[in-house]
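Working notes for the structure below.
The values are calculated or read from the model by the stated rules, or taken from the named source; none is laboratory data. Bear in mind that the values here come from a model prediction, so they are computed numbers and not experimental data. Cβ sites come from the backbone with ideal geometry, for glycine too, and all protein chains shown count toward neighbours.
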């Protein structure tokens, strides 16, 4: 009987009920997709890079003029950095994870590779101390030997005899078996043999949203990178990074003052910088969701308060006929649940449709059932909480006063 009575009452107040149901539907759809986007940002921000992040810092070095002995200078700098107290390893390179700039090449399983058969893969140049410098975990095979290390200038067309790839790249290129001992071709008919596999190392472009499919497609090549303008990656023992950062600059300037050293940055700051946009976007979307939920809650409060004001006489008559306060509260909560439930069901449909559109246009991940259910549940609970205050006002109406229409 209560449901029949509520349905009849809603038919006489169609406009308000429809507007609130539509508002709840839009709120569910927006909050649902917002939760999915924020979760995607959070997963990206918290994704491990594969290196020893707390103990690594990087610095960019450039000598003034055009020194003819660049190779000797790079070797001297590396030796000096590695000799500092507290240093575990140091490397020179054209980039590092999350740097947003570096080197890549087209890798293929076939020597006569075509573009659709070759996959762009990030390249890190390292020597026999590369594992110590980056702190990567070797899961198969071995690291490079000293006799395998060459010299790589930016324009050199070198093709390495051996390489080390990530576990992700190993599964990508060799899904049928062990990658160690297999060969890949780096834009050349000359094969390069895989001698080791590391657990993971992200690409320099891993923090860029449009490069999500490129996150761990990386390889180490056995070269010492030489250029007048390069990065040094330095790994320290725990707790000594700040001291080594200062000592490293002093040591390098003492060796050759005619140089520019800039961007001396702990890797934690590199991560924070590359994901700054994702962090701000998450905050903005979260704030938008809170504001939308607040507006929806006030809408429910306003509509219910309006209905209470309209029905004072009927409420008083029910109280006079023996209805308890809890019966009045139950009536308004049930009525609100019918309206909000209808809006939530409609919102779930809008959420799925909107997510499909966003997935096609913006490469957004498909929203999961958990996010749909969570968004609908949050909005339903909020709407039920919002109706408490006007429902309590209705339940407190004295029967005698309400029955006189006052």
Candidates 220, 214 - the one that is out of contact with any helix residue (DSSP H, G or I) (no Cβ under 8 Å at 6 or more places or on another chain) and in contact (Cβ under 8 Å) with a residue 40 or more places away in the chain: 214
Odd one out for residue 215 among (1) under 28 Å from residue 236 (Cβ atoms); (2) modelled with pLDDT of 90 or more: (2)
